[in-house]
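Some notes on the structure that comes next.
The values are calculated or read from the model by the stated rules, or taken from the named source; none is laboratory data. The structure presented is a predicted model; accordingly, all values stated were derived computationally and were not measured. Virtual Cβ from ideal backbone geometry, glycine too; neighbours counted across all protein chains shown. The area values use the complete protein model at the heavy-atom level, side chains included, leaving out ligands, DNA and RNA. Shrake-Rupley method; radii C 1.70, N 1.55, O 1.52, S 1.80 Å.
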2 protein chains.
Amino acid sequence: MSSDRLIYLPLGGAGEIGMNAYVYGYGPKGKERLILVDIGVTFADMETSPGVDLIFPDMSWLIQNKDRLEAIYITHGHEDHIGAIGQFWDKLGAPVYARAFTSNLARHKMRDQGQPEDAITTVSAWPETTTAGPFTVGFLPISHSIPESGSLVIDTPVGRIIHTGDFKLDETPVVGEAFDPELWADVSSKGVKALVCDSTNVFSLQAGRSEATVGPEIEKLVAASPNLVAATTFASNVARVKTLAEAGQRAGRSICLMGRAMRRMVEAGLETGVLTDFPKVVSPEDAQGIPRGNLMLLVTGSQGERRAASAQLARGKHNGLTLKEGDTFLFSSKTIPGNEKGVFRIINQFSEMGVDVVDDNSGLYHVSGHANRPDLEKMQDIVNPTMVIPMHGEHRHLREHAKLSEAKGRASIVAVNGTMLDLTGDMPKVVGSVETGRTYLDGSVKIGAMDGIVRDRIRMALNGHVIVNVILDEDDEPLGEAWVELMGLPEVGSSNAPLVDVLEADLTQFLGRAGAKTLADDSKLEENLRRIARNSSKDEIGKKPEVTVIVSRLS
Amino acid sequence: MSSDRLIYLPLGGAGEIGMNAYVYGYGPKGKERLILVDIGVTFADMETSPGVDLIFPDMSWLIQNKDRLEAIYITHGHEDHIGAIGQFWDKLGAPVYARAFTSNLARHKMRDQGQPEDAITTVSAWPETTTAGPFTVGFLPISHSIPESGSLVIDTPVGRIIHTGDFKLDETPVVGEAFDPELWADVSSKGVKALVCDSTNVFSLQAGRSEATVGPEIEKLVAASPNLVAATTFASNVARVKTLAEAGQRAGRSICLMGRAMRRMVEAGLETGVLTDFPKVVSPEDAQGIPRGNLMLLVTGSQGERRAASAQLARGKHNGLTLKEGDTFLFSSKTIPGNEKGVFRIINQFSEMGVDVVDDNSGLYHVSGHANRPDLEKMQDIVNPTMVIPMHGEHRHLREHAKLSEAKGRASIVAVNGTMLDLTGDMPKVVGSVETGRTYLDGSVKIGAMDGIVRDRIRMALNGHVIVNVILDEDDEPLGEAWVELMGLPEVGSSNAPLVDVLEADLTQFLGRAGAKTLADDSKLEENLRRIARNSSKDEIGKKPEVTVIVSRLS
């Protein structure tokens, strides 16, 4: 059918780092059968989303078109690819496919949200494939900072697509399958229409380093440390966790895992067989009885998260264990931009205790899980695709990646969230746009990022909050004076009288002078009271607060 | 007098980067005559200090002891050293000494706060000195990222102290005096008791690079850019501003300064004679008539500040000028930790416009203004002090600097804000501690960081705010139902009814059942209403909001 087309539509992850969600479709315009690749989350921050628990892509478009959705594929188990599956599966209702390790994590997420675990189907690596409407999809092993990452080989009626997911080119990844250039060349040999490719590290100019390079350095450091050693990394980086544990074991130390995620990830690795020969671990209780020089703690919280094990140790005791002068704390991780303050807070707390902190300043104890610029070029050389569609990155990453691809003579385009591309021909074409955005999990409620709720919180945080309370009798006459409560504002301003008193006097004066028409009109009255409260505050304390006016009428 | 002692007391800057303020004293215990070195600010952030305009050190101790204060010295004109002078001078009332460029900036700050400009006295560089009680103080020229930085040579009855201020060892600084190792060796030749030394870059392992190294690279970049070039750096880095302007001039471009601070700093440089031969500049109005390939904009906002020129250009037009596809925007600056998100926001906005952004990723277009680890060692070798007191840095910096100094065989100690050291002998001794902290400028009011005001704002931002309003008649009987207003909370929760309705029903039900004793007791009533509002919210929306209860009694 010549009217059929192949479309690509990112709903999350294109124009940002985090919350990946990519739709592919094939069929007649507006009736394409769809698959979703990844359904991730991103994390809230105080500046833009205070009080928010988790951020999802706005999945409205896909939910509206759920009757066209054939399947969901998850490339790997990082939160920004898998994190929203439990929260949205019941609204999408399609079968979910993933490799064993990823499935293990996905099932836990489904269970946590009261969803059926058997919606998750475990599939083996390429050459095994699954069929979803017009698509045939296989998981091609690729290295990344979590076990069993799979790039997707998506066969469509108009050609083969490779969707990389997050990846690096690591031929010695410590845990899991090595990147296999020959396998990749073979899979690509009959022609690849489009390489849809991770862009996060396009600005890193040197080729990436293998996971295997950090082991010897960590081993030296641990062996040279006289007292207790604690180390943190992303718990999902099972290879790193294993490297750290083995370095401890070789130095004659007992290994103790601290933090729920750390135990969960090692468990998932053991359950699925991706992790073998992991050193024996001791419980925190048993660790208390072991001489400090014979102990190594592997802890969560590499990003300074306040509730994680690292932050708790930095504040004092955690699970009965404390760090002391002369101990060593290793960040086998990089600090994600935006998390610096939290990480430095912990480092300074350890510094106050006399703990020697080793971070990634030297570059010896951590390597990235993503493909750097030369690796992206190498990937294009191996796959030799007609088009390169940059995904997973901020606009600057996508644009740079597109420029890089065009410089290599390949068709490319910047397509951010909501941009629908037609990939049927040899050039990507923009054929539509879909409303996208962010959905916030706030407590137990999903709210839209643009609903104004979080905007009001930010305003209260910046400006403080004044509550004005006025009671009117049956004849619309003020009953007593205006009553003011403050939240988040100075008690005393420029006149040296309590701010509450000044505002109440100004508001009461207004009430005394206000005409019957104003007093009878709720919105007029509120508008005036708000204006006076804001202006009097500005005079007194130099800022205009948020104001809530409550007018009560006895009638 | 054998009972006299020499003390050192940091009030800000020791245990943090920013808001420097260091006290030295000499005399009998508790009656030491004092000098203050620097009086800086630090900047608020949404995470810890939302809505705050500026942060000062808590100067209470010094204000209480102002009768003992002989003088204030300002090492250089960066905000974290000079920024609070206008806000605190009237409470301290001592003469202020600074070099010409710093004086120029200090006078503007005094004028802005309605303080007398003539409280600022301009002094020349070493060997000129001033006397302040038992101290004789001179400004020894040192290189830094602002003109006329001066290290202080503080002669005391028990020996010479050198207080470095912020510095680097730059023998080709482009603007201002080069670091002169021979002069420094000469000043140190009769013995230096204590080197009180900048610690910010102690973790930078390579020797620092000279300001002169960036010029050729910037020149190449500007010459190779076909269209408009805009560049940002710290406005106070007058040498860099000059380098940028000259690169533009050599490429045949007219230079346009944008942003108040950029114009102010160039003006101060010209007024004080530290800046000579600055290329002629055009106004933004005139710039509009110049072909884009012949124009270079020097703009404020290297840290992504939302109101600065760079952010305004990224959002669209500024002073009638816009950037377009094919233009170049250069960050000749590094991003201070914590500012990444703001900077990346701008870069992504430019990316969307098709503007090519060049940042410090390559390391070619920016050098630091601080002494790196090898430079700190070199400084110790030149000055050969008995003690090294690390200052200006977080705890981790101070500790590392102290370890470095001890490894070089010098007495050292970590002394954070509020720690009083006795430097009379050959070893620093802790002899007391003083309460320190932060003072917030909030609008026009100074508030304490621990007053609870900002804590309440943070809580409203995280949890939202519920206002409960109840009216009781003369017999303490509820008049009508409870009234609820929400701010920053979802409208609908798990029961699918409006949250306001659910809360009002629950609160009204409570009022109906409450006994006369509870209804008559304001605090008991409020406590119950708050608890119910929080618990019902938790059931409905999964979070417990802040609650303000207003009980009005008709009596």
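Things to note:
- The range A:445-458, residues that are in a strand (DSSP E or B) and either open to solvent by 30 Å² or more (accessible area, probe 1.4 Å) or more than 7 Å from chain B (Cβ to nearest Cβ) (or both): A:Lys446, A:Gly448
- A:Arg240 meets all of the listed conditions (1) among the charged types (D, E, K, R); (2) surrounded by 22 or more Cβ atoms within 10 Å (Cβ to Cβ); (3) outside any helix (DSSP H, G or I) but one, namely (3).
- In the range B:404-412, the count of residues that are modelled with pLDDT of 95 or more, in contact with a Phe, Trp or Tyr (Cβ under 7 Å, 6 or more places away or on another chain) and either open to solvent by 20 Å² or more (accessible area, probe 1.4 Å) or assigned by TED's automatic domain parsing to the domain that holds B:Ala194 (or both) is zero.
- Scanning the range A:68-89 for residues that are touching a Gly at 6+ places or on another chain (Cβ under 9 Å) and either assigned to a strand (DSSP E or B) or surrounded by fewer than 22 Cβ atoms within 10 Å (Cβ to Cβ) (or both) yields A:Arg68, A:Leu69, A:Glu70, A:Ala71, A:Tyr73, A:Glu79, A:Gly86.
- Any chance B:Asp442 is within 12 Å of chain A (Cβ to nearest Cβ) and within 18 Å of the chain's Cα centre (by Cα): yes
- Residue list for the range A:171-201, filter: acidic (Asp, Glu) and open to solvent by less than 20 Å² (accessible area, probe 1.4 Å): A:Asp198
- Conditions (1) within 10 Å of another protein chain (Cβ to nearest Cβ); (2) over 46 Å from the mean Cα position of the chain (by Cα); (3) part of a loop (DSSP other than H, G, I, E, B); (4) not aromatic (Phe, Trp, Tyr): number failed by A:Ser494: (2)
- Residue match in the range A:257-280 (condition: open to solvent by 50 Å² or more (accessible area, probe 1.4 Å), touching a helix residue (DSSP H, G or I) at 6+ places or on another chain (Cβ under 9 Å), within 14 Å of another protein chain (Cβ to nearest Cβ) and farther than 18 Å from A:Leu330 by Cβ): no
- Look at the range A:107-135: where a residue is without any contact (Cβ under 8 Å) to a residue 12 or more places away in the chain and a partner is part of a strand (DSSP E or B) and surrounded by 12 or more Cβ atoms within 10 Å (Cβ to Cβ), sitting 6+ places away or on another chain with Cβ atoms under 7 Å, you get A:Pro127/A:Gly138; A:Glu128/A:Gly138.
- Considering the range A:506-533, and only residues there that are under 19 Å from A:Asp475 (Cβ atoms) and of a type in the set (Ser, Thr, Tyr), the residue that is surrounded by the most Cβ atoms within 10 Å (Cβ to Cβ) turns out to be A:Thr508.
- Residue match in the range B:534-541 (condition: in a helix (DSSP H, G or I), open to solvent by 30 Å² or more (accessible area, probe 1.4 Å) and either modelled with pLDDT under 95 or away from chain A (no Cβ under 11 Å) (or both)): yes
- The numbered conditions (1) touching a helix residue (DSSP H, G or I) at 6+ places or on another chain (Cβ under 6 Å); (2) outside the structural domain of B:Arg531 (by TED's automatic domain parsing) are all true for B:Val484 except (2).
- Some residue of the range A:202-219 being open to solvent by less than 10 Å² (accessible area, probe 1.4 Å), touching a residue at least 60 places away in the same chain (Cβ under 8 Å), closer than 30 Å to A:Met353 by Cβ and of a type in the set (A, V, I, L, M, F, W, C): yes
- Restricting B:Ala461, B:Ala415 to residues that are in contact (Cβ under 8 Å) with a residue 60 or more places away in the chain, in a helix (DSSP H, G or I) and either surrounded by fewer than 22 Cβ atoms within 10 Å (Cβ to Cβ) or within 14 Å of another protein chain (Cβ to nearest Cβ) (or both) narrows the list to B:Ala461.
- Taking strands (runs of 3 or more DSSP E) as the structural unit, no element lying wholly within the range B:298-402 holds at least 2 residues that are open to solvent by 40 Å² or more (accessible area, probe 1.4 Å) and more than 14 Å from chain A (Cβ to nearest Cβ).
- Note on the range A:1-32: among residues that are out of contact with any strand residue (DSSP E or B) (no Cβ under 7 Å at 6 or more places or on another chain) and modelled with pLDDT of 95 or more, the one that is least open to solvent (accessible area, probe 1.4 Å) is A:Gly30.
- Test set (1) free of Cβ contacts under 8 Å to residues at least 12 places away in the same chain; (2) in contact with a Phe, Trp or Tyr (Cβ under 7 Å, 6 or more places away or on another chain) - A:Asp501 fails condition number: (2)
- Just one of the numbered conditions (1) in a helix (DSSP H, G or I); (2) closer than 21 Å to A:Val468 by Cα; (3) open to solvent by 10 Å² or more (accessible area, probe 1.4 Å) is not true of B:Ser552: (1).
- Scanning the range A:418-427 for residues that are open to solvent by 10 Å² or more (accessible area, probe 1.4 Å) and of a type outside the set (Ser, Thr, Tyr) gives A:Met420, A:Asp422, A:Gly425, A:Asp426, A:Met427.
- Number of residues in the range A:101-126 that are in a loop (DSSP other than H, G, I, E, B) and more than 29 Å from A:Asn372 (Cβ to Cβ) equals 6.
- Criterion (at pLDDT 95 or above, out of contact with any Lys or Arg (no Cβ under 9 Å at 6 or more places or on another chain) and not assigned by TED's automatic domain parsing to the domain that holds B:Glu340) met by exactly one of B:Ala106, B:Ala84: B:Ala106
- Test: residue in the range B:22-39 that is under 25 Å from B:Ser103 (Cα atoms) and free of Cβ contacts under 8 Å to residues at least 40 places away in the same chain: yes
- Of the candidates B:Ile63, B:Ile39, B:Ile35, the single residue that is in a strand (DSSP E or B) and either under 20 Å from B:Glu435 (Cα atoms) or open to solvent by less than 20 Å² (accessible area, probe 1.4 Å) (or both) is B:Ile35.
- Scanning the range B:464-491 for residues that are over 25 Å from A:Ser444 (Cβ atoms), open to solvent by less than 20 Å² (accessible area, probe 1.4 Å) and more than 7 Å from chain A (Cβ to nearest Cβ) returns B:Val470, B:Leu472.
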